[in-house]
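S.K.: Encoded as structure tokens, here's the structure I'll be asking about.
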Amino acid sequence: MTDPKHSQQGPLQLVQTFTIKGDDFAAAGSVSLAVKRLLKEVGFPPDALRRVAITAFEAEMNVVMYGGGGEVELLLAPGTARLVVRDHGPGIPDLDLAMQEGWSTATAAMREMGFGAGMGLPNIRRNATRFNIDTAPGQGTTLTADIDI
Amino acid sequence: MGLTLHQIVEFLEAEVLAYPEGLDRVVTHAQGSDLMSDVLAFSHPNCLLITGLANHQVIRTAEVAGLLGVVVVRSKRPAEAVIILAQECEVPLLSTRLGMFDACGTLFSRGIRGMSDLARPRPR
Amino acid sequence: MPAPWDGAAMANPGSELIQPARHYSIDPEACIGCVLCMKACPVKAIRVSRGLAQIRPDICVDCGMCYRVCPHDAVRVASAKLEDALRFPHSVAIAHPALFSQFGYDVTPNQVLLALKRIGFSDVIDLSWVCEMSSVAIADYLHSHPEITPGISASCPVVLRLIAQRFPSLLPNVVPVLPSRLLAAKTLKTRLAGRYGWRQDELGVFLISPCPAKMIAPQDPVNMAKPYLDGVICFPDVYSALFRELRTLEEDQTIFKSSGCGLAWGASGGQAEAVEVAGYTLAVAGFSEVLGILEVLEAGRLTELRFVEARVCLDGSLGGPLTVENRYRAKSVLARVIKQHGTQSRVDRARLRNMIDQGAFAWEYKIQPMPTPPLAEEPAEAINRLQAINELCERLPMSECGVCGAPDCATFAEDVVLGRSPSDRCPFIKASKEPKDAQAKGRVMTVRELVKELKLKVAAGKTGLGREVRGGYTSDLLSDVMAHAEAGAVWVTIQAHQNVVAVAVLKDLAAVILAGGRKFEDDALSKANQEGLPLLTSEDNAFTLTGKLYGLRVLPSK
């Protein structure tokens with residue numbers, strides 16, 4: 001993930017910014033659905049659409065559950081969608097651990113609601129074509145994920 | 001971190017009335033008040049005072065509390081005696097045509113912080 | 001013998017199977033060009049121009065919402081009438097189970113079926129019987145296709161169209177069991193006609209239906225000479241004839257033999273109940289609810305579901321647009337009838353197994369996707385158009401007033417960018433985006449919004465929270481405030497006594513914020529309550545509070 005503005009298929013344009021409210025489980029998922037609808041308008045094919053939707057959803061849930069709220073930027077180039085998901089939360093202390101399937105720091109309340117199975121980051125790894133996580137304790141987390149058609 | 005009094009003179013479009021020698025001082029915090037008893041109660045050195053008053057009390061308070069300087073707002077021009085006092089006490093004295101609201105707002109937007117931030121323990 | 005669901009028939013290429021939606025149209029004589037239908041249309045298919053509403057046939061999904069809301073009777077329904085049926089030498093009525101809910105608690109399904117015969121039909125078919133059979137066929141399909149999670153019911157024609165147009169990736173999830181009405185019609189035309197000794201062209205098969213869209217037969221290929229269903233007669237067109245007949249009906253026959261299983265298909269949840277499958281089933285009714293579920297399914301979630309019954313009409317078919325009875329009463333009536341007949345299915349399972357194996361329930365043709373075209377074929381151009389739409393939206397008021405003839409500003413922007421509408425249709429459009437300096441001139445907030453933004457506490461004067469804030473003023477010297485503060489400003493101070501209230505009221509200030517975690521004196525509070533002047537408190541000191549207020553750019557400060 002070298003050049004932040006250019007993907008392989010041409011320059012990325014910022015088309016929309018969304019806000020995620022921390023701890024708001026009622027609204028959780030609404031940003032990823034809005035992203036999906038937008039990409040459909042632009043003509044993204046169904047398989048790529050589903051990969052974007054899953055990536056966006058998992059990233060959004062992480063921001064709601066752990067990040068205390070944040071923003072999502074959607075950038076587009078022909079053939080690629082880029083999601084930049086930023087929060088100002090506590091940061092991820094051990095990224096390797098967080099990437100392990102089943103590892104979760106979810107609270108009991110979150111598990112009651114059905115979340116916190118520890119599949120969020122692994123799911124993103126499976127569905128995004130490329131991704132990068134920038135994080136440090138006390139400095140928030142920024143996830144950049146590219147989904148190629 | 002912080003601004004020098006030189007920079008503050010520029011941002012507030014202020015006139016330097018007394019003790020220009022002190023303009024190298026670096027300011028990180030400020031207090032905006034017209035009640036000197038209040039200033040004394042919450043004072044801390046390394047702080048700039050912004051006030052609408054332009055009398056002797058202000059200079060005495062600044063000296064006692066060890067404040068870095070005084071900015072008088074709303075183009076209030078202190079009496080000559082006050083300016084001389086400030087020079088003697090080595091208190092930089094500035095006058096700006098801005099009101100208290102804009103002066104505080106401008107400095108806040110440039111990173112200067114309020115007094116109680118110093119007093120409170122840092123959040124975990 | 002080939003497996004029933006994977007037969008050669010399914011490999012047939014589909015043709016343009018779903019005709020453009022054409023069951024609702026605007027009557028130009030009656031339409032006055034108001035915006036009610038345009039606003040109500042859930043797929044934004046309607047535009048109003050030159051005093052006339054127009055439905056875009058490529059977007060319309062036949063849901064009938066426009067028909068429901070039009071107060072001028074200007075939405076015409078395309079459906080057959082009783083006389084059309086009776087013109088045939090032989091006519092058969094297929095009675096939708098919702099019909100039994102329309103005549104109150106004292107009329108039985110058997111009576112309704114008999115009444116249909118009396119008003120002129122040669123024979124009548126109880127559709128709920130076929131529905132019972134279809135439940136088994138659907139379960140069988142799901143059982144032999146465990147990878148389909150979930151299967152989506154094909155019986156609501158609007159849902160089918162929604163999926164083909166907007167969620168084509170979900171087409172493989174649609175359970176390819178013939179909707180019961182089509183199975184009944186097909187059986188009548190292909191087998192029973194001969195049995196009765198009737199020529200096929202002499203036989204008219206009509207569905208008595210709560211909705212005209214049920215005419216849509218996605219399995220009828222365009223090149224087929226004659227469709228299975230000759231027409232759909234909606235409830236209002238037979239109601240009075242049936243009502244009169246029921247009053248003097250002699251119940252000398254028993255033709256109704258179904259159980260509650262099939263009857264329940266008339267309401268939302270009935271199918272999901274009746275389909276016996278291992279795993280979770282879900283029933284969704286209502287347009288936005290169905291859209292919501294389809295969105296979520298398309299996003300790859302809810303894979304633990306095995307079957308979804310989706311209907312765009314609230315409460316299911318008995319809540320359809322062309323019903324007569326109030327849908328709550330209809331629900332209650334149907335529930336009672338179901339109870340009376342029990343939920344033990346009465347169909348002959350062995351015969352049913354035979355039919356399934358013969359492929360009697362299978363679709364003959366696959367449904368082709370008819371996706372709504374993207375903003376442009378070329379992705380780079382599509383992105384450009386998206387940006388153009390965003391930019392145009394910044395020059396629009398976003399008040400969704402409808403004056404431009406589009407349902408909302410975002411749709412209008414899309415119409416303009418795609419060349420469907422001139423931009424001057426909007427009387428409020430700005431020539432260009434407001435320059436940054438103009439934005440820096442600030443925004444108008446109410447005291448209430450300020451309280452929220454700065455996390456203030458309201459100590460008194462709640463009634464004044466709606467006041468507009470114009471600027472700020474920081475001072476602890478009352479004489480100074482009297483001399484220089486401007487009306488509408490928010491006053492930041494550490495003075496807590498009642499004179500502050502007097503000055504604030506005199507100067508018509510928006511509110512007073514007491515800084516530094518201080519508390520107002522009681523006199524001040526009661527005076528402020530009397531005057532409706534908001535007194536607010538903040539933990540922040542005056543400098544910080546002023547800084548934050550300043551940063552909000554609440555209009556000019558001096």
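S.K.: Taking only segment B:1-40 into account, find how many residues are within 14 Å of another protein chain (Cβ to nearest Cβ), surrounded by 20 or more Cβ atoms within 10 Å (Cβ to Cβ) and in contact with a Lys or Arg (Cβ under 7 Å, 6 or more places away or on another chain).
M.R.: Total meeting the criteria: 2.
S.K.: Just to be sure I understand, how many residues within segment A:60-90 are within 11 Å of the chain's Cα centre (by Cα), over 15 Å from residue A:148 (Cα atoms) and within 13 Å of another protein chain (Cβ to nearest Cβ)?
M.R.: Residues flagged as within 11 Å of the chain's Cα centre (by Cα), over 15 Å from residue A:148 (Cα atoms) and within 13 Å of another protein chain (Cβ to nearest Cβ) within segment A:60-90 amount to 2.
S.K.: Still on this structure: If you check residue A:73 against the conditions, is it at pLDDT 90 or above and surrounded by fewer than 22 Cβ atoms within 10 Å (Cβ to Cβ)?
M.R.: Answer is yes for this residue.
S.K.: Residue by residue through segment B:71-115, note down the ones that are assigned to a strand (DSSP E or B), within 16 Å of residue B:14 (Cβ to Cβ) and within 14 Å of chain C (Cβ to nearest Cβ).
M.R.: If the condition is that a residue be assigned to a strand (DSSP E or B), within 16 Å of residue B:14 (Cβ to Cβ) and within 14 Å of chain C (Cβ to nearest Cβ), then B:71, B:72 are the ones that fit.
S.K.: Within segment C:303-317, track down each residue that is under 17 Å from the mean Cα position of the chain (by Cα) and either surrounded by fewer than 24 Cβ atoms within 10 Å (Cβ to Cβ) or assigned to a strand (DSSP E or B) (or both).
M.R.: C:308, C:309, C:310, C:311, C:314, C:315
S.K.: Scan the helices (runs of 4 or more DSSP H) fully inside segment A:43-149 and keep the ones with 1 or more residues being basic (Lys, Arg) and closer than 25 Å to residue C:166 by Cβ.
M.R.: A:46-62
S.K.: For residue B:55, all conditions in the list (1) at pLDDT 90 or above; (2) under 28 Å from residue C:483 (Cα atoms); (3) within 14 Å of chain C (Cβ to nearest Cβ) hold save one; what is the number of the exception?
M.R.: Condition not satisfied by residue B:55: (1).
S.K.: So, residue C:508, is that one acidic (Asp, Glu) and either out of contact with any helix residue (DSSP H, G or I) (no Cβ under 6 Å at 6 or more places or on another chain) or on the phi > 0 side of the Ramachandran plot (or both) or not?
M.R.: Answer is yes for this residue.
S.K.: So, restricting to strands (runs of 3 or more DSSP E) that lie completely within segment C:472-558, which ones have at least 1 residues that are over 17 Å from residue B:102 (Cα atoms) and either touching a residue at least 60 places away in the same chain (Cβ under 8 Å) or at the interface with chain B (Cβ under 8 Å from one of its Cβ atoms) (or both)?
M.R.: So the answer is C:511-514, C:535-537.
S.K.: Here is a list: C:194, C:204. Which entry is surrounded by fewer than 24 Cβ atoms within 10 Å (Cβ to Cβ), small (Gly, Ala, Ser) and either at pLDDT 85 or above or part of a strand (DSSP E or B) (or both)?
M.R.: C:204
S.K.: Further, regarding this structure: So which residues in segment C:355-371 are of a type outside the set (Phe, Trp, Tyr), assigned to a loop (DSSP other than H, G, I, E, B) and over 15 Å from residue C:173 (Cα atoms), if there are any at all?
M.R.: C:358, C:359, C:360, C:364, C:370, C:371
S.K.: If you check every pair at least six apart or on different chains, which have Cβ atoms under 8 Å apart with a residue in segment C:362-380 that is at the interface with chain A (Cβ under 9 Å from one of its Cβ atoms) first and a residue that is surrounded by fewer than 17 Cβ atoms within 10 Å (Cβ to Cβ) and modelled with pLDDT under 85 second?
M.R.: As it stands, the answer is C:372/C:58; C:380/A:10, since those pairs meet every condition given.
S.K.: Out of segment A:32-54, which residues are of a type in the set (A, V, I, L, M) and either more than 7 Å from chain C (Cβ to nearest Cβ) or closer than 17 Å to residue C:292 by Cα (or both)?
M.R.: A:33, A:34, A:35, A:38, A:39, A:48, A:49, A:52, A:53, A:54, listed by residue number.
The values are calculated or read from the model by the stated rules, or taken from the named source; none is laboratory data. As the structure is a prediction and not an experimental result, all values here were calculated from the model. When we count neighbours, we look across all protein chains shown, and the Cβ atoms used for this are built from the backbone with ideal geometry, even at glycine.
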